[in-house]
Amino acid sequence: MNKRFVWAAVAALALGAAGCASLPGQPTPAELDAQALAMLKASFRDEGIATTKRLEQDLGQQACSAESAPPEGVAKRVEAEALASIKWPAGGQYLGDWREGEKLAQNGRGMTWTDKSAAPAANGANCYNCHQISKEEVSFGTIGPSLYNYGKIRGVKDPADPASAAIVQYTWGKLWNSKAYNACSNMPRFGHAGLLNEEQLRHVMALILDPRSPVNQ
Amino acid sequence: MKHWSWVAALALLPGLACAQKTAADSIAEYRALLADGNPAELFEAKGEDLWKAKRGPKNASLERCDLGQGAGVVKGAFVRLPRWFADTQRVQDLESRLLTCMSTLQGLDAEAIAKTPFGKGEQANMEALVAWISAESRGQRMQLPQVHAAEQRMYELGKRAFFFRGGPMDFSCASCHGEDGKRIRLQDLPNLTKNPGDGVGFAAWPAYRVSSGELWGMQRRLNDCYRQQRFPYPGYASEVTIALAVYMGVNAKGAESIAPAIKR
């Protein structure tokens, strides 16, 4: 009930601001931004695990919510904050079991209002929705680049070899918080947003970096 | 006869797994075969009956409902919606306008209908109504008005909603529908920031869904997009859904409507 009043007030403010614009019925871009926010907040409601808190944007979400890319300075700040947020794996253990990784890559479930739990264990990694990964799977999306031969192309013969460290760490960072390397990346922040836990991330790492994985054949 | 084409179409399905380049071809063939007998026709017939039937506390039909082209004019209305309505002082899409007519003409409870789950009760009737009304404009080209200041404002708000990133996966509508030639799994994604062409995107909904045997209006299509974006729940006929329809519909100007289409 309280929330409703707050949103109504926000909407009224946004409309009021429009009334002060130079031409009646011609709100400025900034006024339209405020009106759009008020509209979103009035239009959505909580459902299961998907509450309206999900409409509260952090800096990166806000900066990447327009047709055009954010100014370079803003993008750099988003990337720096994202890089600083990366949690590196316990004991420097980056790789798990690629077979488990393949199962996670196939699983597109999780985090919708019809899902019961938001715990990482209830989530898939969604990889095939957007990426080609193994050659065997023909039903893959193209929103992200192909990851087939990901490790092989990058010369990872032994992920434990210090010569592979840069690629291995970058890959972990990309999975943990993709915005560290591209402020407006389309890729979810799997570690940062709590979509996958460390163990699940290690399995996905193994899928794309383990030389024995079908990805690198 | 139609049943046979269904069987043939289903027989094609296993072919989908053959190879990447033929998969898209197989899907296209499958769709072409299905289009020969679109079960949306059944919904259309029911919708026409519903439009003419005296119903609700006021025992009235919808035949005096004004969908923007004058009372009772159905042909051509669909390709000009959403638009501004002076009586409600709102920009309305087909479904929110039908709620208005069901309420004012028939005395039905619009708020209760908006809260009814998709496919149930009056929402099942809504599916039939949008099937028939959209079919009456089949083959016409999208021409949403952008004359009234409120229509122009809704386009701008819809654009902002389209690019709004949120939720645990940082998605916006543009994450999937902002570039040409993208796919999720094998599903082609129209680029809705511009005109994706005849019978694609906005010009293809409402549509009959083979996988679920249901007729989805644009409201339900958007609802499921938001579910997949991991957003909270968009209210039926809420402003954000109408604003998005204005944005997509205006972008689709000149595209031929094939609604109600058929989808896998």
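Neighbouring Cβ atoms from other chains, within 10 Å of the Cβ of residues in A:33-42, number 6 on average. Treating each Cα of region B:38-263 as an identical point scatterer and ignoring solvent, apply the Debye formula and state log10 I(q)/I(0) at q = 0.15 Å⁻¹. Debye intensities relative to I(0), on a log10 scale: -0.97. One decimal place: the segment residue A:119-residue A:72 gains 13.4 nm when fully extended, by the rule 0.36 nm per residue minus the C-alpha distance.
In this rough spin-label picture, where each label sits 7 Å from Cα along the Cβ direction, the residue A:217-residue A:181 distance is 2.6 nm. Once Rh for the protein assembly as shown is found with the Kirkwood sum over Cα pairs, what is the Stokes-Einstein diffusion coefficient at 10 °C and 1.306 mPa s, in µm²/s? Approximately 66 µm²/s, per Stokes-Einstein.
Protein-only accessible surface at a 1.4 angstrom probe places the residues B:182, B:52, A:53 in the order A:53, B:52, B:182, largest first. The solvent-accessible area of residue A:189, taken with every protein chain present and a 1.4 Å probe, is close to 30 Å².
For residue B:48, the solvent-accessible surface computed with a 1.4 Å probe is close to 70 Å², ligands and nucleic acids excluded. Counts of other chain beta carbons within 10 angstrom of each beta carbon in peptide B:153-164 average 6. The length gained on full extension between residue B:147 and residue B:112, counted as 0.36 nm times the residue separation minus their Cα-Cα distance, comes to 9.4 nm. Spin-label model, residue B:73/residue A:45: points 7 Å from Cα along the beta carbon direction are separated by 3.6 nm.
Look at the alpha carbon pairs under 8 Å that are at least 6 residues apart: their mean separation over the length of region A:85-216 gives a relative contact order of 36 percent. The calculated FRET efficiency for residue B:179 paired with residue A:28, based on their beta-carbon distance and R0 = 35 Å, is about 0.75. Counting only protein heavy atoms and using a 1.4 Å probe, the accessible area of residue B:156 comes to about 50 Å². Here the calculated FRET efficiency for residue A:100 and residue B:211, from their Cβ-Cβ distance with R0 = 30 Å, stands at 0.55, rounded to the nearest 0.05.
In terms of distances greater than 20 angstrom between alpha carbons, the cross-link table entries A:76/A:179; A:87/A:116; A:87/B:182; B:52/B:115 yield A:87/A:116; A:87/B:182; B:52/B:115. Averaged over peptide A:56-66, the number of partner chain Cβ atoms lying within 10 Å of each residue's Cβ comes to 4. A Förster radius of 56 Å combined with the Cβ-Cβ distance from residue A:59 to residue B:63 puts the calculated FRET efficiency at roughly 0.55. Compared with the dominant Cα axis of chain B, that is its longest principal axis, helix B:149-163 is turned about 30°.
The spread of Cα positions in region A:85-216, taken along each principal axis and listed from longest to shortest, comes to 44, 34, 28 Å.
Solvent-accessible area lost on pairing A with B (1.4 Å probe, both sides summed) amounts to about 4300 Å². Using alpha carbons only, the radius of gyration of region B:212-264 set against its Kirkwood radius gives Rg/Rh = 0.98.
Length gained on full extension, residue A:169 to residue A:153, computed as 0.36 nm times the residue gap minus the Cα-Cα distance: 4.2 nm.
The values are calculated or read from the model by the stated rules, or taken from the named source; none is laboratory data. Quantities reported herein were computed from a predicted structural model and do not represent experimental measurements. We place every Cβ from the backbone using ideal geometry, glycine too, and count neighbours over all the protein chains shown. Ligands, DNA and RNA are excluded from the accessible area calculation, which covers all protein heavy atoms including side chains. Shrake-Rupley method; radii C 1.70, N 1.55, O 1.52, S 1.80 Å.
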